[in-house]
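Colleague: My questions will all concern the structure given below.
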């Protein structure tokens, strides 16, 4: 039986000088204040004149729909212009945009280039492509290696998908994939961080996945772009402990390999303070349940941003 992992929608640096650079910085300052129309006006001239930072920033604006209507084709075009000048963040987003817009064969060279630099979103997308034989030849060893690297970089979807892969990729290939991941990490070309005149992406949003009703992996969402921020966003305060009682649980997944359920709990357990895991056999699968909760509504709230997470009694 063929198995498949689906990747869905995902997704500003240092080349300008003189007056154009000042315009780009003024645009970023306006963007940080939420004055998106002024930011667009500041970037439009330098971008048309060939400033790669401004071109990339306009790509972000059209992608996010800030100051201009959402226009993925226009975002892709501005990313392309900057990428062709060697703007690395534009290269990353251009490959992802090509993938999102259905031109996956053209996306592969850009994604490979970004993944080789250690860009985790590109690693995640390529991992799904190599697993599914989507445009590229199926290579489960490389898929597992890329997904391991993306997971290690903090892509939550990659962590979930990696656990799902454990149920399908033979142990020998997973071991080879782990070894390849270490080689890829050593081979990453380190690059200096971009300067402050470019608007940046924020961390990815949580995954969307569900493996409750089928043994094969279901869709996993690629990190989506969010509001650009020039300053770090403070991490949310941890949840307070709660009393563990009640008849309800939440299900985080179903695994052919029981160790996959235990690994997922090791990764996500801190998201459920005061609760405990339950490993429930269901035919050939092991269901990972967490609880207890007194009501179904409490169970649903307990899921928070974790996906997959399904309340059950």
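The values are calculated or read from the model by the stated rules, or taken from the named source; none is laboratory data. Since we're looking at a predicted model, the values are computed, not measured. Cβ placement follows ideal geometry from the backbone for every residue including glycine, while neighbour counts extend to all protein chains displayed.
Colleague: Any idea how many residues of the stretch 242-265 are within 22 Å of the chain's Cα centre (by Cα) and assigned to a helix (DSSP H, G or I)?
Modeller: Here the count works out to 5.
Matching residues to (1) modelled with pLDDT of 95 or more; (2) in contact with a strand residue (DSSP E or B) (Cβ under 7 Å, 6 or more places away or on another chain); (3) surrounded by fewer than 23 Cβ atoms within 10 Å (Cβ to Cβ); (4) closer than 29 Å to residue 149 by Cα:
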site	(1), (2), (3), (4)
8	no, no, yes, yes
39	no, no, no, no
45	no, no, yes, no
49	no, no, yes, no
86	no, no, yes, yes
105	no, no, yes, yes
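Colleague: With the structure loaded, tell me whether residue 101 is in contact with a strand residue (DSSP E or B) (Cβ under 9 Å, 6 or more places away or on another chain), surrounded by fewer than 24 Cβ atoms within 10 Å (Cβ to Cβ) and at negative phi or whether it fails that test.
Modeller: Working: in contact with a strand residue (DSSP E or B) (Cβ under 9 Å, 6 or more places away or on another chain): no; surrounded by fewer than 24 Cβ atoms within 10 Å (Cβ to Cβ): yes; at negative phi: yes.
No.
Colleague: Within the stretch 266-313, considering only strands (runs of 3 or more DSSP E) that don't extend past its boundaries, which have at least 3 residues that are surrounded by fewer than 19 Cβ atoms within 10 Å (Cβ to Cβ)?
Modeller: Output list reads 276-282.
Colleague: Within the stretch 43-85, how many residues turn out to be closer than 15 Å to residue 25 by Cα and either over 21 Å from the mean Cα position of the chain (by Cα) or assigned to a loop (DSSP other than H, G, I, E, B) (or both)?
Modeller: The qualifying residues number 11.
Colleague: Look at the stretch 254-265 and say how many of its residues are more than 19 Å from residue 148 (Cα to Cα) and buried (at least 19 other Cβ atoms within 10 Å of the Cβ).
Modeller: Number satisfying all stated conditions: 1.
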